[in-house]
1. Along the positive direction of the dipole of the range 19-74 (beta-carbon charges: Lys, Arg +1; Asp, Glu -1; about the Cα centre), which of G35, V64, W53 reaches farthest?
2. Under unit Cβ charges (Lys, Arg +1; Asp, Glu -1), what dipole magnitude, rounded to 20 debye, does the range 69-114 have relative to its Cα centre?
3. How high is the relative contact order of the chain, given as a whole-number percent (alpha carbon pairs under 8 Å, six or more residues apart)?
4. Report, to the nearest whole %, how much of the accessible area of the chain belongs to carbon and sulfur atoms, 1.4 Å probe, protein only.
5. What's the magnitude of the charge dipole for the range 22-123 around its Cα centre, counting Lys and Arg as +1 and Asp and Glu as -1 at the beta-carbon? Answer in Debye, nearest 20.
6. Quick check: net charge around E44, other residues with Cβ under 15 Å of its Cβ, Lys/Arg +1 and Asp/Glu -1?
7. Using each residue's phi in the range 44-54, evaluate 6.51 cos²θ - 1.76 cosθ + 1.60 at θ = phi - 60° and report the 3J(HN,Hα) Karplus result to the nearest Hz, with x for Gly and Pro.
8. Please report the net charge: other residues with Cβ closer than 14 Å to the Cβ of R66, K and R +1, D and E -1.
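The values are calculated or read from the model by the stated rules, or taken from the named source; none is laboratory data. As the structure is a prediction and not an experimental result, all values here were calculated from the model. Note that we place each Cβ from the backbone using ideal geometry, even for glycine, and neighbour counts take in every protein chain shown. Note: accessible area is taken over every heavy atom of the protein model, side chains too, but ligands, DNA and RNA are not part of it. Shrake-Rupley method; radii C 1.70, N 1.55, O 1.52, S 1.80 Å.
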Amino acid sequence: QVQLVESGGGLVQAGGSLRLSCAASGRIFGSYGMGWFRQAPGKEREFVVAISWDGRTTYYAHSVKRRFAISADNAKNTIYLQMNSLKPEDTAVYYCAAGATYSLDESRGYNYWGQGTQVTVSS
C-alpha cells in the first residue's frame, strides 16, 4: 500500500514560485510512475507533469512546459514540483499520484492519490 501526502501549496502573486512536495510511504521508486495533476473549480482534473518509474523520462503538459519541473529524491521517497512564473490560471488543487502505468498523462492509470494541496495565484 502506498500513501501520498502533498505539501507546499499556498497563495502567491503572479510571476512568483512555489515548490510542492509529495512524500510517499511505501516503495515507489523503481515501481511506479509518479505524476502531478490539478483541478480548478468547475473544471475536470488535468494532467500537469509526470516522471517514469525509472526516473529517466519526464512528461509535461504544454501549458506548464519551461515553467514547471518535476524531480525526485529517492532517499527521501519524495517527488517535487517546482513551479515558476506562476499565472492566475495555475490556480487549482494539485494532486500527487502514483501508478503502474505507461500512460502517465492519463489519470485513470494511477492507483494511488494524495489528498491535494491548494495553490492560489493572485493577479
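1. V64
2. Numbers: 3 positive and 5 negative charges, 24 e Å.
About 120 debye.
3. Values: 320 pairs, mean separation 43.3, N = 123.
Averaging sequence separation for qualifying contacts and normalising by length gives 35 percent for the chain.
4. Values: 2950 of 6550 Å².
C and S fraction of accessible area: 45 percent.
5. Numbers: 11 positive and 8 negative charges, 26 e Å.
That gives a dipole near 120 debye.
6. Values: positive: R38, K43, R45, R108; negative: E46, E89, D105, E106.
So the environment of E44 carries a net charge of 0.
7. Result, ordered by residue: 6, 5, 10, 6, 10, 7, 8, 10, 5, 4, 9 Hz.
8. Overall, the nearby charge balance is +2.
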